[in-house]
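Written out below as structure tokens is the structure these notes cover.
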Amino acid sequence: MVKAIRVHELGGPEVLKWEDVEVEEPKEGEIRVKNKAIGLNFIDVHFRQGIYKAPTLPYTPGVEACGVVTAVGPGLTGRQVGDIVAVAYAGQPMGSYAEEQILPANRAVPVPASIDPTVAASLLLKGMTTQYLVRRCFKVEPGHTVLVHAAAGGVGSLLCQWANALGATVIGTVSTKEKAAQAKEDGCHHVIIYKEEDFVARVKEITSDKGVEVVYDSVGKDTFEGSLAVLKPRGYMVSFGQSSGVPDPVSLPALQAKSLFLTRPTLFHYTVTQDELLETAGDVFANVASGVLRVRVNHTYSLSEAAQAHADLENRRTSGSVVLIP
Ligand SMILES: NC(=O)c1ccc[n+]([C@@H]2O[C@H](COP(=O)([O-])OP(=O)(O)OC[C@H]3O[C@@H](n4cnc5c(N)ncnc54)[C@H](OP(=O)(O)O)[C@@H]3O)[C@@H](O)[C@H]2O)c1
């Protein structure tokens, strides 16, 4: 038996229960991993609330973790007991909020020795998301102006750093002065505190009415319309999350007005094959090693306190990454 967080019914943070669970021996193609640290993601909130559908009830939440391999399935080569690996949910069952978990070996990424497991646990999903957003979904280039909502958040912090390093002018939106200071440190050339200023008017002012090439919008309902309004003609609306709720349906004339591109991407479709997964993770680790990405593990909770961590994340009390320690 190991301890894990279990969800028996959808709802608020109080549905996260600390329980004993059975972890079986790994089967063919699987490994058993003892987690050292677990990354908290807003996606975990979406699953708990039912915005995303968990495959079963009850379920063990969690889509990002780093740990040590404690057993390998029969005949498995390429992974051995003692390896440090990280995982980011990309189609396989969730289950990171546990002291130990079974993983498909081909989705576990080896972690370079230079990267601390706590950092790796908060980096793999958020970093790979950032990688596909700035390198593949829309390719950020020198001279571009990009708008990043929730610029001090887990993904947002990394997005600002990477977009800046690629030579873009970065505009970020945040809720507080403290978050604004962090976003500046992370490479935002302009930070808009959206509670004090209208972000649409301010972006138009900053860009002398030209608008931005791309908006990375993880906030959703509250920002979607304004994000379309600040795009240049032929700009890219990358709507990759919905922390404030799912945006209203979009009408084609709203895109036609400026020949806009709209995409609603997910990490899963950018890490389909093992090669793609390892390449994406490798690019993230390389950018940590070169100093382009500085991971901010700003909050640590014990795993049994996952409910408090969820409450803090969904009430905008966190910045950077949040990690749960088993
Ligand atoms: N599509 C993908 O592949 C993919 C992958 C990873 C994550 N995501 C999405 O990206 C988003 C960010 O994830 P994350 O884990 O990095 O979280 P996060 O950005 O650290 O946390 C959410 C932030 O959103 C802002 N926010 C604005 N309105 C909000 C509201 N009504 N309620 C709560 N927060 C609000 C808050 O920042 P301020 O205080 O500055 O407003 C808050 O701190 C999530 O929607 C997640 O689902 C998508």
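The values are calculated or read from the model by the stated rules, or taken from the named source; none is laboratory data. In this text the structure is predicted, and so the values were computed from the model without any measurement. As a convention, Cβ positions derive from the backbone with ideal geometry for all residues, glycine included, and neighbour counts pool all protein chains shown. The protein model used for the area step is the full one, side chains on, heavy atoms only, and it has no ligands, DNA or RNA in it. Shrake-Rupley method; radii C 1.70, N 1.55, O 1.52, S 1.80 Å.
In the stretch 142-264, carbon and sulfur make up what percent of the accessible area (probe 1.4 Å)?
53
Taking the chain as a Gaussian network, Cα atoms linked when under 10 Å apart, which of SER251, SER227, SER218 shows the biggest mean-square fluctuation?
SER251
Of the heavy-atom accessible surface of the stretch 56-124 (probe 1.4 angstrom), what whole percent is carbon and sulfur? Working shown, then result.
Values: 1370 of 2400 Å².
Using a 1.4 Å probe with all protein chains present, the stretch 56-124 comes out at 57 percent carbon and sulfur.
What longest region of the chain stays clear of GluC sites (Glu not before Pro) that DSSP places outside H, G, I, E and B and that have at most 14 other Cβ atoms within 10 Å?
29-195
Measuring with a 1.4 Å probe in the full set of protein chains, what accessible area per residue, in whole Å², belongs to the stretch 142-264?
44
So which residue, out of LEU278, LEU255, LEU303, gets the largest mean-square fluctuation from a GNM of the chain using Cα contacts under 10 Å as springs?
Its mean-square fluctuation being the largest, the pick is LEU255.
Using the reciprocal of the averaged 1/r over all distinct C-alpha pairs, how large is the Kirkwood radius of the stretch 142-264 in Å?
So the Kirkwood estimate lands at 14.0 Å.
Rg(Cα) of the chain divided by 2.2 N^0.38 Å? Could the numbers behind the result be given before it?
Values: Rg = 19.6 Å, N = 326, 2.2 N^0.38 = 19.8 Å.
So the chain has a normalised radius of gyration of 0.99.
Grab the alpha carbons of the stretch 22-148, take their convex hull, and tell me the volume per residue in Å³.
Spelled out: Cα convex hull of the stretch 22-148, divided by residues, is 131 Å³.
Within the stretch 205-236, list the trypsin sites (Lys or Arg not before Pro) lying in a DSSP loop whose Cβ has at most 14 other Cβ atoms in a 10 Å radius.
Filter output for the stretch 205-236: LYS210, LYS221.
If you take the charge dipole of the stretch 142-264 about its Cα centre, with +1 on Lys and Arg Cβ and -1 on Asp and Glu Cβ, which of VAL200, VAL174, ALA254 is farthest toward its positive end?
ALA254
Between the stretch 263-283 and the stretch 184-243, how many Å separate their Cα centres?
25
Work out the count of Lys pairs in the stretch 142-264 where the Cα-Cα distance is under 20 Å, with the pair 8 or more places apart or on different chains.
Here the count comes out as 11.
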